1. For the Cα atoms of the chain, what angle does the longest principal axis make with the long axis of helix 246-262, in degrees from 0 to 90, nearest 10?
2. Would you please give the residues with an amide H less than 5 Å from that of Thr112, counting only those at least 5 places away or on a separate chain, with H modeled from the backbone geometry?
3. Which order do you get for Lys214, Lys66 if you rank them by accessible area with a 1.4 Å probe, largest at the top?
4. Once you put a point 7 Å from the Cα of Ser215 and another 7 Å from the Cα of Ser79, both along the Cβ direction, what distance in nm separates them?
5. Per-residue accessible area for Asp15 at 1.4 Å probe radius, Å² rounded to 10?
6. As a test of reading the structure, rank Lys93, Lys16, Lys129, Lys259 by solvent-accessible area (1.4 Å probe, protein chains only), most first.
7. Setting aside same-chain residues fewer than 8 positions from Lys75, which aspartates and glutamates have a Cα under 12 Å from its Cα?
8. For segment 175-184, take each phi angle, set θ = phi - 60°, evaluate the Karplus expression 6.51 cos²θ - 1.76 cosθ + 1.60, and give the result in whole Hz per residue in order, putting x for glycine and proline.
Amino acid sequence: RAGDGRKALACVRDDKPDLVILDVVMPELDGLEVCRILKSRPGSQFLPIIIVTGKSDIDSRVEGLKLGADDYMIKPAESRELVARIEALLRIKDLQDQIASSLKEVEDKSVTDALTGLYNSRYLQERIKDEFKRAERYSEPLSCIAIQMDTYDSLLKQSGQDRTDDVVRQVAGILKNGVREFDVVVRNTDDRFVILLPRTHFTGSLSVATRIWKSLHKVTFESNGPLEVPISMGVAFFPNKDVTSANALIGQAEQALQKAAEAGANQICLYQHTTYFYRPDMGG
């Protein structure tokens, strides 16, 4: 129970109740203003609000409903009626929460790779645009690493889909564990991944690529017996005079990856004005 409007807002913020009952007349902020603030919160879950007003206070009742109140009662509120109204609104809230949860689940699935749990190519297209705009606006670096499992096709042919999927999941886990929480790891196609590194310059991106490359090569993958999984990487970065858009950034990373594969695979390529290949020292 809150003694005034400001405390009511603090209680909602801290305690996250399932329903709020507001008297129109309260110190600091009146009930109508509290209702307006609560109902205007962006992205918040449905929070039922009951406005309690005086018997002759028709204007407050009308204003409360206009502001989004879900019900109103006239003082003094009869206890059985109040309980019945609360129960009815809580049933509505439960249905609203179920719908919101289902919508979020559908949305999550639409941008998630079912096999690995990583983001998918659809998500990448939107996220890289947002990250590039932010990098341009705030003059921040942004790096991109394109990654390929070099022997995916032969692994699929020799070991079958299920065992190949096991290896893909292992690779995805290593990639996810090799970056920061706010970096973005994507399974772009069956055998390719992309990592976006916000606020990371090219030396930092090469450090990340090297660390992940070593991690992948230190693991013994299991698919009907131990096997090696050679990995190629292409690295691109912004700012770079040849990178003027999000598509150009990912395009350069993919070009670098292609050149790494053409040059013998299982290595890292930084593609700028000249092509630079290297295989990290496994002893480091």
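1. Between the helix axis and the principal axis of the chain, the angle is about 30 degrees.
2. Those qualifying (amide H under 5 Å, at least 5 residues apart or on another chain) are Asn120.
3. Working: Lys214 35, Lys66 155 Å².
In descending accessible area the options line up as Lys66, Lys214.
4. Each label point lies 7 Å from its Cα, and together they span 6.0 nm.
5. Here the residue's solvent-accessible area equals roughly 110 Å².
6. Lys16, Lys129, Lys259, Lys93
7. Asp23, Asp57
8. My calculation for segment 175-184 gives 4, 5, 6, x, 10, 6, 4, 8, 6, 10 Hz in order.
The values are calculated or read from the model by the stated rules, or taken from the named source; none is laboratory data. Everything numeric in this text was worked out from a predicted model, so none of it was measured. Note that each Cβ is placed from the backbone with ideal geometry, even for glycine, and that neighbours are counted across all protein chains shown. For accessibility, only protein heavy atoms count, side chains too; no ligands or nucleic acids. Shrake-Rupley method; radii C 1.70, N 1.55, O 1.52, S 1.80 Å.
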